[in-house]
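All remarks here apply to the structure that follows.
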Amino acid sequence: LPESFDWREKGAVSDVKMQGTCGSCWAFSTTGAIEGANFIATGKLLNLSEQQLVDCDHACDATEKKACDDGCSGGLMTNAYKYLIEAGGIEEEDAYPYTGKRGECKFKSEKVAVKVSNFITIPIEENQIAAYLVNHGPLAVGLNAVFMQTYIGGVSCPLICGKKWINHGVLLVGYGSRGYSILRFKNKPYWIIKNSWGKRWGEKGYYRLCRGHGMCGINTMVSAVMTKAS
Amino acid sequence: EQEVILQVTGNHHHHHLLGTAAEHQFNSFIQEYGKDYPTRAEYLHRLGIFAKNLLRAAEHQAMDPTAVHGVTQFSDLSQEEFEGMYMGVKGGAAAAPSENEEVVAAEMEVGD
């Protein structure tokens, strides 16, 4: 594994987006993973539609029957992959633009830009996550976002952060090895995370979270997606 | 015998945060993020939440010294409002992959 890695430098990550006052982070995490997988497969970065997922995806988790994708009321990235496999694919942002509100489903199969063929969940060991990130592209992840409301910058490495209550979907785009930790007087490795709260939040829309401790549950809900040419 | 009259309503003209450093920061926040509150009562309500969030940011800073915590665009939202408006992963702990039926990826060689 390289010491540090960043899919942004390779052109696999679209601009930071803004979900607005809508609990659609799961949709942004999903599109980010598909955008990255499609970039690796085709060499082209497409900006994909979250609104299609918000409007049209009602897929439910197989074991947690109440965990169904429900627009601005929340969802799961793995449910969204299942929906996209069944629906036939996802449209581009321009074809199905984001409104930040749940509306009538306007999906048109003839406008599909990327098809999803499969997906996997990644083991919780963080070196495995790094290996899959390097080999498969940006990964959809869930985390406990309790420290993100007040986050401005730097490597977040809270002394206590609940690992079990995952409430926010984001995109893992890379990692670094040398984020300085005042508390530990040494450089600490970190994850680079793309958020969907606009560029004015965090480090131009990104969050750095320390790596190697399962911090805030970052290692517990990680998935990669596979695409096929439409 | 002198009766004591207890105040049971909010006195909006003499809110305890008015004129404080917290209100000055709140006004800077309003300008920076283009916030607009339709009524005086809403302004005072958001000021109260903002002041609590200043304390919360200080707590986060103490708990998370390697990052910088402070005023963000979400500083006028209570934690409950923030979670309701901006977070949307369902299932919490139950959604962990080990409890799902999805295919878990094979382990890769990462020893070196």
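Figures for the structure shown
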read-out	value
A:Thr99/B:Ile5 FRET efficiency (R0 51 Å; Cβ-Cβ; nearest 0.05)	0.45
CD proxy at 222 nm, helix term only [per DSSP H run n ≥ 4: -39500 (n - 2.57); per residue of chain A; nearest 500]	-6500 deg cm²/dmol
Positive minus negative residues near A:Arg102 (Lys, Arg vs Asp, Glu; Cβ under 13 Å)	-4
Label point at A:Asn187 placed 7 Å out along Cα→Cβ; residues across region A:140-164 whose backbone nitrogen lies under 13 Å	none
Averaged over A:200-210, number of beta-carbon atoms from partner chains that fall within 10 Å	2
Exercise: per-residue mean of other protein chain Cβ atoms within 10 Å, A:61-70	4
Using alpha carbons only: equivalent-ellipsoid semi-axes of region A:68-171, gyration tensor based, whole Å	29, 19, 13
Alpha-carbon gyration tensor eigenvalues x 5, square-rooted, for region A:89-230, Å	30, 18, 13
About the Cα centre, charge dipole magnitude for region A:1-122 (Lys/Arg +1, Asp/Glu -1 at Cβ), debye	160
Residue (of A:Leu48, A:Val134, B:Asn53) at the positive-pole extreme of the protein assembly as shown, dipole from beta-carbon charges	A:Val134
Lys, Arg +1 and Asp, Glu -1 on Cβ, resulting dipole of region A:72-230 about Cα centre, debye, nearest 20	520
Members of A:Lys10/A:Lys108; A:Lys163/A:Lys228; A:Lys82/B:Lys90; A:Lys17/A:Lys101; A:Lys66/A:Lys163; A:Lys101/A:Lys199 lying beyond 24 Å, as alpha-carbon distances in this model show	A:Lys10/A:Lys108; A:Lys163/A:Lys228
Summed side-chain charge close to A:Thr42 - residues other than A:Thr42 whose Cβ falls under 12 Å, Lys, Arg +1, Asp, Glu -1	+2
Projected area averaged over orientations for region A:12-96, convex hull of C-alpha atoms, nm²	5.5
Sequence-distant aspartates and glutamates (8 or more away, or on other chains) whose Cα lies within less than 13 Å of A:Lys115	A:Glu35, A:Glu86, A:Glu91, A:Glu92
Total formal charge among the other residues, if their Cβ is under 13 angstrom from that of A:Met18, Lys/Arg +1 and Asp/Glu -1	+2
Viscosity 0.890 mPa s, 25 °C: Kirkwood-radius Stokes-Einstein D of the protein assembly as shown over Cα pairs, µm²/s	117
Segment A:Ile160-A:Arg200, length gained on full extension (0.36 nm per residue, minus Cα span)	11.8 nm
Calculated P(r) tail over 22 Å for region A:1-147, as whole % of Cα pairs	38
Peptide B:53-65 - average C-beta neighbours from other chains (10 Å radius)	4
Where trypsin sites (Lys or Arg not before Pro) fall in DSSP loop in region A:67-107, at most 16 other Cβ within 10 Å	A:Lys101, A:Arg102, A:Lys106
Förster radius 35 Å - calculated FRET efficiency between B:Ala106 and B:Met85, Cβ distance, rounded to 0.05	0.35
Volume per residue of the C-alpha convex hull in region B:20-85, rounded to whole Å³	97
Chain A: relative contact order in percent, alpha carbon pairs under 8 Å with at least 6 residues between	27
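Read-outs throughout are calculated quantities, based only on the coordinates presented, and are distinct from any laboratory measurement. Just so we're clear, the structure is a prediction, and the values are computed from it rather than from any experiment. So basically every Cβ, Gly included, is an ideal-geometry build from the backbone, and we count neighbours across all protein chains shown.
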